[in-house]
Amino acid sequence: MRYVILLSYVFISLICFTVKAMDRVRYNIAQHMNDPKQAYYLSILQLALEKSADKYGDYQLISLSLDEAPQGRTLDLLANKDLLDVHWSVTSIEREQQLGTVYIPLLRGLMGARLFLIHKDNEQQFAAINNVQTLRQYSLGSGIDWPDTQIYERNDFDVATSDGSRLHSMLEQKRFDLFPRAVHEPWGEITDRADLLVERNFALCYPTAMYFFVNKNNHRLRKRLTYGLEKAIDDGSFEKRWLANPIIANALVNSELPKRQVLKINNPYMSIRTRDILKVARYLYEPIQACVTPLL
């Protein structure tokens, strides 16, 4: 009888373990913005979960639509509420302190290579810019809760801030001069904005990264995503999926980075851990490695 009870206990324990092995992963998708870049991050999230199934078991992805939550608010919910399990965002020291960070750059360094949206009326006045000092003569537009905003301000730029969804309209109204966008971002954002162009002569570079973030206490998911992404880098599936994304593939061609004057600035809001990560060649797209590698 005692043996039967023991077997029953083992059987129940195995059932409980199987149930616990199903990781529920809730993420926010902003449906009203219709932002095609979100599909890339979701694809990489799925890849990380698939690659980690051998060690961590099955998973269930659950999409939420918190359309009214800007980036900063979404990260606050991730940190303080049992509502979200993962979100992707540009990093900062503060975010890495408040959240569990998966230290693998999701864009392979592209987030730190910036092109500029400009008003078509001003195209000629930017053609001669070849140094940061000259660039500082012009005002930049940036999101009020974006880590990049603090980087620009610390580098002595005049920055006009607003909710990210309003910045393109503000540029159309000439309320600032230049709108810095990551290499993969600008073209899709101006398809219906005839007054805006992608500036053709220079790029701004600084070290930063786009990471997955989880709740500070969700050690299992942080370790799982790290394990899955490292495995995907090792077997080449991460790079393959990155290159297969049409937005990224088109950006690598359209940006013509080798022909541009590269202007570099510092990022004083970069953690030591991120600084070290951005010095590891396996995490970066080789042609922009020199552009986004920290100076120190």
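The values are calculated or read from the model by the stated rules, or taken from the named source; none is laboratory data. Not measured: the values here are computed from a predicted model. Positions of Cβ are backbone-derived with ideal geometry, glycine not excepted, and every protein chain shown enters the neighbour counts. Note: areas computed on protein heavy atoms with side chains; ligands, DNA, RNA excluded. Shrake-Rupley method; radii C 1.70, N 1.55, O 1.52, S 1.80 Å.
In the set (1) part of a loop (DSSP other than H, G, I, E, B); (2) open to solvent by less than 40 Å² (accessible area, probe 1.4 Å); (3) touching a residue at least 24 places away in the same chain (Cβ under 8 Å), the condition left unmet by P180 is number (1). When the residues of the range 116-169 are filtered to those that are polar (S, T, N, Q) and open to solvent by 90 Å² or more (accessible area, probe 1.4 Å), the one that is modelled with the lowest pLDDT is Q124.
For Y103, the test of being within 27 Å of S237 (Cα to Cα) and open to solvent by 30 Å² or more (accessible area, probe 1.4 Å) is passed. Only one entry of S142, S169, S165 meets the criterion of being small (G, A, S), without any contact (Cβ under 8 Å) to a residue 12 or more places away in the chain and on the phi < 0 side of the Ramachandran plot, and that entry is S169. The requirement of being in a loop (DSSP other than H, G, I, E, B) and under 25 Å from E96 (Cα atoms) is not satisfied by D192. Taken over the range 135-147, the criterion of being in contact with a Leu (Cβ under 9 Å, 6 or more places away or on another chain) and not in a loop (DSSP other than H, G, I, E, B) is satisfied by L135, L140, G141, S142, G143. For the range 234-273, the set of residues classified as touching a residue at least 60 places away in the same chain (Cβ under 8 Å), among the small types (G, A, S) and not in a loop (DSSP other than H, G, I, E, B) consists of S237, A251, listed by residue number.
The set of residues in the range 60-115 that are of a type outside the set (A, V, I, L, M), in contact (Cβ under 8 Å) with a residue 40 or more places away in the chain and in a strand (DSSP E or B) comprises H87, W88, S89, G100, T101, R114.
Applying the criterion of being within 19 Å of the chain's Cα centre (by Cα) and part of a loop (DSSP other than H, G, I, E, B) to the residues of the range 196-213, the residue that is farthest from Y56 (Cα to Cα) is Y206. Counting only residues that are polar (S, T, N, Q) and touching an Asp or Glu at 6+ places or on another chain (Cβ under 7 Å), the range 61-111 holds 1 of them.
Among the residues of the range 214-233, is any hydrophobic (A, V, I, L, M, F, W, C), open to solvent by less than 70 Å² (accessible area, probe 1.4 Å), farther than 23 Å from Q97 by Cα and assigned to a helix (DSSP H, G or I)? Yes - at least one qualifying residue is present in the range 214-233.
State all residues of the range 210-248 that are polar (S, T, N, Q) and touching a strand residue (DSSP E or B) at 6+ places or on another chain (Cβ under 7 Å); if no residue qualifies, say none. Selection gives N215, N218, T226. For G109, the criteria (1) open to solvent by less than 20 Å² (accessible area, probe 1.4 Å); (2) at negative phi hold in every case but one, which is (2). Within the range 31-89, the set of residues being modelled with pLDDT under 90, open to solvent by 50 Å² or more (accessible area, probe 1.4 Å) and among the hydroxyl-bearing types (S, T, Y) comprises S65 only.
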